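**Student:** Can you read through this structure? Questions will come right after.
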Amino acid sequence: MSAHLRRAAVLLVLLVLAGCAAPAEEKPDEARWQPRPGTAWQWQLSGKLDPSVDVPVYDIDGFDHSEATVADLHRRGRKVICYLSTGAWEEFRPDAGKFPRAVIGRSNGWDGERWLDIRRTDVLEPLMAQRIDMCRDKGFDAVEPDNMDGYANRTGFRLTGADQLRYNRLIARLAHERGMAVGLKNDPDQIPDLVGDFDFAVNEQCAQYEECERWKPFIAAGKAVFHVEYELPTRRFCDQSRKLNLSSMLKKYELGVWREACASAEG
């Protein structure tokens, strides 16, 4: 073999090895689902799932539902979001025993749930990667990571805004690397910093707390804001929701089947 051919062969082997060793890369934005502003949705986290609501998006619990359920919703023409708690420990989840005591903090106000020390990414990243792997393997299109604003709450840890930004971006990256869209849950103070990292948003009670205008950067970027109120009647928030092009509805706190949507979100 000539020296030229030997060099070419060595180069080819090195390229092949480099390709094998390359880390997972995020899929480009155009390869992921991107819900647009005003897209109607159903959010059901309790009770027997009713798949018949005539909306293009369902947001359901990732642990509680099977690959077959996700496939059935897809056959019905729905995109499906995987609800996960990424910022709080839940004692009732099958992987609860994998979380060391040192990363579990104060109650977040819900039975059996406690804030996590999001600074400990050495512990939490592999655990959250496994959860998001579950969503991907079941066929979900996106992830809704909950409890993503611990720094603004009494968690038992000295969390900062910088800690939260780092962790939220980590969760977004994990979802993107697996080809799924990901939503920013609440955390309005960090919207300007995070709107570019997330594909949509999920907000609770922005009308009650007079914060809906703060979600305009997502709408301006062509990204849906999936919004619910629990205590205000629809006549108190739907007019503003239509003006802002939010995907708004009234739900009960248990997030069962019942919903009352603003008319603009049904188009």
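**Student:** Looking for something in contact with a strand residue (DSSP E or B) (Cβ under 8 Å, 6 or more places away or on another chain), of a type in the set (S, T, Y), within 23 Å of R158 (Cα to Cα) and free of Cβ contacts under 8 Å to residues at least 40 places away in the same chain - is there at least one such residue anywhere in the range 70-91? Don't jump to the end; show me each part of the working.
**Tutor:** The initial filter retains those residues of the range 70-91 that are in contact with a strand residue (DSSP E or B) (Cβ under 8 Å, 6 or more places away or on another chain), namely 70, 73-74, 78-91.
Of the ones still in play, those that are also of a type in the set (S, T, Y) are 83, 85-86.
Checking which are within 23 Å of R158 (Cα to Cα) leaves us with 85-86.
With free of Cβ contacts under 8 Å to residues at least 40 places away in the same chain added as a condition, the list becomes none.
Checked the range 70-91: no residue is in contact with a strand residue (DSSP E or B) (Cβ under 8 Å, 6 or more places away or on another chain), of a type in the set (S, T, Y), within 23 Å of R158 (Cα to Cα) and free of Cβ contacts under 8 Å to residues at least 40 places away in the same chain.
**Student:** For the range 139-156, which positions are open to solvent by less than 40 Å² (accessible area, probe 1.4 Å) and either of a type outside the set (F, W, Y) or within 16 Å of E113 (Cβ to Cβ) (or both)?
**Tutor:** Answer for the range 139-156, where residues must be open to solvent by less than 40 Å² (accessible area, probe 1.4 Å) and either of a type outside the set (F, W, Y) or within 16 Å of E113 (Cβ to Cβ) (or both): G139, D141, A142, V143, E144, P145, D146, N147, M148, D149, G150, T155.
**Student:** While we're looking at this one, here's another question. For a quick check of your reading: which strands (runs of 3 or more DSSP E) sit entirely within the range 27-135 and have at least 1 residues that are within 17 Å of M148 (Cα to Cα) and open to solvent by 30 Å² or more (accessible area, probe 1.4 Å)?
**Tutor:** Passing ranges, in order: 88-90, 104-107, 113-116.
**Student:** Just the residues that are under 11 Å from the mean Cα position of the chain (by Cα) and farther than 19 Å from L124 by Cα, please, taken from the range 168-182.
**Tutor:** Scanning the range 168-182 gives M180, A181.
**Student:** Within the range 198-224, track down each residue that is open to solvent by 30 Å² or more (accessible area, probe 1.4 Å) and either at positive phi or hydrophobic (A, V, I, L, M, F, W, C) (or both). Even if it seems obvious, please write down each step before you answer.
**Tutor:** Applying the first criterion (open to solvent by 30 Å² or more (accessible area, probe 1.4 Å)) to the range 198-224 yields 204, 208-211, 213-214, 216-217, 219-221.
Selection gives E210, I219, A220, A221.
**Student:** Surrounded by fewer than 18 Cβ atoms within 10 Å (Cβ to Cβ), closer than 30 Å to A31 by Cα and within 15 Å of the chain's Cα centre (by Cα), is that true of L165? Spell out the reasoning first.
**Tutor:** On the way: surrounded by fewer than 18 Cβ atoms within 10 Å (Cβ to Cβ): yes; closer than 30 Å to A31 by Cα: yes; within 15 Å of the chain's Cα centre (by Cα): yes.
It is true that L165 is surrounded by fewer than 18 Cβ atoms within 10 Å (Cβ to Cβ), closer than 30 Å to A31 by Cα and within 15 Å of the chain's Cα centre (by Cα).
**Student:** With the requirement that a residue be among the charged types (D, E, K, R) and open to solvent by 10 Å² or more (accessible area, probe 1.4 Å), what does the range 225-247 give you?
**Tutor:** Across the range 225-247, the qualifying residues are E231, R235, R236, D239, R242, K243.
The values are calculated or read from the model by the stated rules, or taken from the named source; none is laboratory data. Bear in mind that the values here come from a model prediction, so they are computed numbers and not experimental data. Because the Cβ atoms are built from the backbone with ideal geometry, glycine has one as well, and the counts that use them run over all protein chains shown. Accessible surface is based on the protein model in full, side chains and every heavy atom, while ligands, DNA and RNA are left aside. Shrake-Rupley method; radii C 1.70, N 1.55, O 1.52, S 1.80 Å.
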